[in-house]
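Worksheet for the structure shown next.
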Amino acid sequence: MIVVIGSINMDLIGTTERLPAPGETVSGSDFTTAPGGKGANQALAARRAGAAVKMVGATGTDAFAEDALALLKDAGANLESVQRCEGATGIALILVDPDGENVIAVIPGANGKVSAANASDAIAAMNPGDTLLLQLEIPETSVRAALEAAREKGVTSILNIAPLTEAVGRLAPLADIVIANETEFARLSGQPVETLDQVRTELETLHAKTGQCVIVTLGGDGVLYARDGNIDHVPALSIKPVDTVGAGDTFCGYLAEGLDSGLEFSEAVRRAATAGALACLKPGAQPSIPLSADVDKRL
C-alpha cells in the first residue's frame, strides 16, 4: 500500500512562443486545464504503475474541486481521506514553451489546510512496510508530522523536496529516501552543481556524511543515486520533449510503486526514469502519466 499525503490542484496551462522575462508579455497559442498538484500527480503515477494508492489531501468548495480529482477517481485511487474545505482548490498557473520547458506559479488554496493531525492519522492507519510519499506543497508541520510518525511506525518514507522551500534542510534528514532535481539537490548539498561530475562528487560527499539514500533526477542526463555506500547512474531515454510538467512526479510515483512491490532498487529507478521520460511526450501533468504497460513495453 502506498499513501500519498500532498497537494491537489487544478492546472491552468498556456503554451507560449517562449517563456516571458520579468515584466514581459508574450503571445500564446493554446490553453488547457488539467488535474494536477504534486501530491495528486504522484498518487496517479503510483496508481497507473499498478499500486494500491490512498490519497490524503484537501480540495476547496469551488468549481475546480471535482475536476481536480477526476483522473484519480477514474484510476481507482482511494479518496476517502481527501477533505473538502471552504474556499478555493489549489491552482497552478503554468506556461510551456515549444521546447517543453516551463514556469509555474502555485496558489495553495485548500492544500494549506492539510494539517499535522491529518498526516498523523493517515500514518496511524498504515502498516509497517507500507510506503509513504510526500512533497512540499502542504504545510511544513504536516510533512514533519508524517515523517516522524512514519519512522516510529516502520513505514518507508519517500520525500520529494519539491517545490524548493527553505524547509528542505529541516525535513530532508527525516526521510528514508530523498528525491531531488539538480536545483533542489544544490540546495540540499549546499554546493553549486552544473555538471554530471559535480553532482556525482557532491552526492558522494553528502551520502558519506549522512548515509541517507538520495536520488537526483537530471533530465537528459538521467538519474544519479546514492544508496548503501554506492553511487549509480541510470542514463536517460533519448526523446524530444513536448512538455516536461509532471515528469518528476511521474518518476516519484513509479519509484514508490516499484519499491513497494519489491523490485530491486536499481530496477525500480530504471523503470521510474523510463516512465518520467515518457511523461514528457504529452502535454499536461496528469494526462501525460504513462500506463504501466507502455512503460514495460519501452523497457
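The values are calculated or read from the model by the stated rules, or taken from the named source; none is laboratory data. Just so it is clear, the model here is predicted, and its values are computed rather than measured. Cβ atoms come from the backbone with ideal geometry, glycine included; neighbour counts cover every protein chain shown.
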- [ ] Answer yes if at least one residue in the range 251-260 is closer than 15 Å to Q135 by Cβ, buried (at least 16 other Cβ atoms within 10 Å of the Cβ) and at pLDDT below 95, and no otherwise.
- [x] no
Open item on the list: Quick check on the range 220-234. Is at least one of its residues in a helix (DSSP H, G or I) and over 21 Å from L71 (Cα atoms)?
Closed with: yes
Open item on the list: If a residue must be out of contact with any strand residue (DSSP E or B) (no Cβ under 8 Å at 6 or more places or on another chain), part of a helix (DSSP H, G or I) and under 19 Å from T183 (Cα atoms), how many such residues does the range 193-218 contain?
Closed with: 5
- [ ] Sort through A268, A275, A226 and tell me the only one that's closer than 30 Å to T33 by Cα and either in contact with a strand residue (DSSP E or B) (Cβ under 7 Å, 6 or more places away or on another chain) or surrounded by 18 or more Cβ atoms within 10 Å (Cβ to Cβ) (or both).
- [x] A275
Task: Filter result (under 19 Å from the mean Cα position of the chain (by Cα) and β-branched (V, I, T)) within the range 58-88 - done: T59, V82
Open item on the list: Just to verify a result, which residue in the range 122-139, among those that are over 21 Å from T89 (Cβ atoms) and not hydrophobic (A, V, I, L, M, F, W, C), is nearest to the chain's Cα centre (by Cα)?
Closed with: T131
Open item on the list: Looking at the range 155-166 only, could you name the residues that are at pLDDT below 95 and either hydroxyl-bearing (S, T, Y) or more than 16 Å from the chain's Cα centre (by Cα) (or both)?
Closed with: T165, E166
Task: Leading residue by the ranking (surrounded by the fewest Cβ atoms within 10 Å (Cβ to Cβ)) among those in the range 92-147 that are in a strand (DSSP E or B) and in contact with a Gly (Cβ under 6 Å, 6 or more places away or on another chain) - done: L95
Open item on the list: Can you tell me how many residues within the range 141-154 are out of contact with any helix residue (DSSP H, G or I) (no Cβ under 8 Å at 6 or more places or on another chain) and either at pLDDT below 95 or within 23 Å of A208 (Cα to Cα) (or both)?
Closed with: 0
Open item on the list: Which pairs turn up if I take residues in the range 136-156 that are touching a residue at least 24 places away in the same chain (Cβ under 8 Å) and closer than 18 Å to P108 by Cα and look for partners that are aromatic (F, W, Y) and in a loop (DSSP other than H, G, I, E, B) with beta carbon separation below 6 Å, at least 6 apart in sequence or on another chain?
Closed with: none
Open item on the list: Tally up the residues in the range 76-91 that are in contact with a Ser or Thr (Cβ under 9 Å, 6 or more places away or on another chain) and in a loop (DSSP other than H, G, I, E, B), please.
Closed with: 5
Open item on the list: Exactly one of these conditions fails for T25: (1) in a strand (DSSP E or B); (2) among the polar types (S, T, N, Q); (3) out of contact with any Gly (no Cβ under 8 Å at 6 or more places or on another chain). Give me its number.
Closed with: (1)
